[in-house]
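**Student:** Encoded as structure tokens, here's the structure I'll be asking about.
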Amino acid sequence: MSGSDVPSHNLFVYGSILEPAAAAVILDRPADTVPALLHGYHKYKLKGRPYPCIVPFESGKVNGKVITGVSDAELNKFDVIEGNEYERVTVEVVRMDNSEKMKVETYVWVNKDDPSMYGEWDYEEWRMIHADKFVEMFREVLEWNKNPNGKTREDIVKSLSDD
């Protein structure tokens, strides 16, 4: 294994990447996960977008999963998928399987005062409507990252999100 392939990161996911097929496309392998809870954040819907965001919220809690054993190269793929609307930060979660605290990385919405945030995002609702499309979008974005051909990431995402 090269240095960038050595598993060294744990990544908390809470939205579209909860979908096993979506995580597998990014990782190019099945994800090893443990259920976890992130305190001090809230998971919002975003007006006009099918994916969620999290932002700090003192009394909030976000359910999700920690993908364990993520390499530097794999983490870079997650950065590409998440784009510049999110920033990767280190947080502490509580594992649901054994109540242990764990330092992990996750993606937090950059615009903490975004007026398009509202309510609470629902994974099961999203899964029924959008999961297959997101798996394809992630595949296309990762292909684009290898060979942009003059297109932007936003061009790819928009072309796949237009119905």
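**Student:** At what distance in angstrom do the alpha carbon centres of segment 18-91 and segment 108-163 lie from each other?
**Tutor:** 13
**Student:** Considering only protein heavy atoms and a 1.4 Å probe, what is the carbon-and-sulfur percentage of the accessible area of the chain? Let's see the in-between values first.
**Tutor:** Details: 4390 of 8980 Å².
After summing per-atom areas, the C and S share lands at 49 percent.
**Student:** Show me the GluC sites (Glu not before Pro) within segment 57-163 that DSSP assigns to loop and that have at most 16 other Cβ atoms within 10 Å of their Cβ.
**Tutor:** 100, 120
**Student:** Among the lysines, select those whose C-alpha is under 25 Å from the C-alpha of residue 47, and discard any that sit fewer than 8 residues away in the same chain.
**Tutor:** The reachable lysines, counting only those whose Cα sits under 25 Å from residue 47, are 61, 65, 112, 133, 158.
**Student:** Further question on the same structure: Just from its helices, what would the mean residue ellipticity at 222 nm be for the chain, if runs of 4 or more DSSP H residues each count -39500 (n - 2.57) and the sum is divided by every residue, rounded to the nearest 500 deg cm²/dmol?
**Tutor:** It comes out at -10000 deg cm²/dmol, rounded to the nearest 500.
**Student:** Once you place label points 7 Å from the Cα toward the Cβ at residue 153 and residue 8, how far apart are they in nm?
**Tutor:** Placing both labels 7 Å beyond Cα along the Cβ direction yields 2.2 nm.
**Student:** A further question follows. Over the Cα atoms of segment 86-157, Rg to Rh with Kirkwood Rh, two decimal places?
**Tutor:** Numbers: Rg = 16.4 Å, Rh = 15.6 Å.
Rg/Rh: 1.05.
**Student:** Please work out the Kirkwood hydrodynamic radius for segment 50-106, using every pair of different C-alpha atoms, and report it in angstroms with one decimal place.
**Tutor:** Numbers: mean 1/r = 0.0765 Å⁻¹.
Evaluated on segment 50-106, it is 13.1 Å.
**Student:** While we're on this one: I'd like the FRET efficiency for residue 129 and residue 85, computed as 1/(1 + (r/R0)^6) with the beta carbon distance as r and R0 of 22 Å, rounded to 0.05.
**Tutor:** Numbers: r = 21 Å, r/R0 = 0.94.
Step by step, r from the Cβ atoms, then E = 0.60.
**Student:** Using alpha carbons only, what's the Rg to Rh ratio of the chain with Rh from Kirkwood?
**Tutor:** Radius of gyration over Kirkwood radius for the chain works out to 0.95.
**Student:** Hey, another quick one. Taking just the alpha-carbon atoms of segment 1-84, what radius of gyration and Dmax come out, in angstrom?
**Tutor:** When restricted to the Cα atoms of segment 1-84, Rg and Dmax are 13.5, 43 Å.
**Student:** Right, something else. Accessible area, 1.4 Å probe, largest first: how do 152, 106, 90, 68 sort?
**Tutor:** 90, 152, 68, 106
**Student:** Ok, one more. List the chymotrypsin sites (Phe, Trp or Tyr not before Pro) within segment 1-78 that DSSP assigns to loop and that have no more than 14 neighbouring Cβ atoms inside 10 Å. Walk me through the numbers on the way to the answer.
**Tutor:** On the way: sites: 12, 14, 41, 44, 57, 78; in loops: 14.
Passing sites in segment 1-78 do not exist.
**Student:** Using the heavy atoms of the protein chains alone and a 1.4 angstrom probe, what is the accessible area of segment 30-163 per residue in square angstrom?
**Tutor:** 58
The values are calculated or read from the model by the stated rules, or taken from the named source; none is laboratory data. These numbers come from a predicted model, not from an experiment. Methodologically, a virtual Cβ is constructed for each residue, glycine included, from the backbone with ideal geometry; neighbour enumeration extends over all protein chains shown. The accessibility values were calculated without ligands, DNA or RNA, using every heavy atom of the protein model including side chains. Shrake-Rupley method; radii C 1.70, N 1.55, O 1.52, S 1.80 Å.
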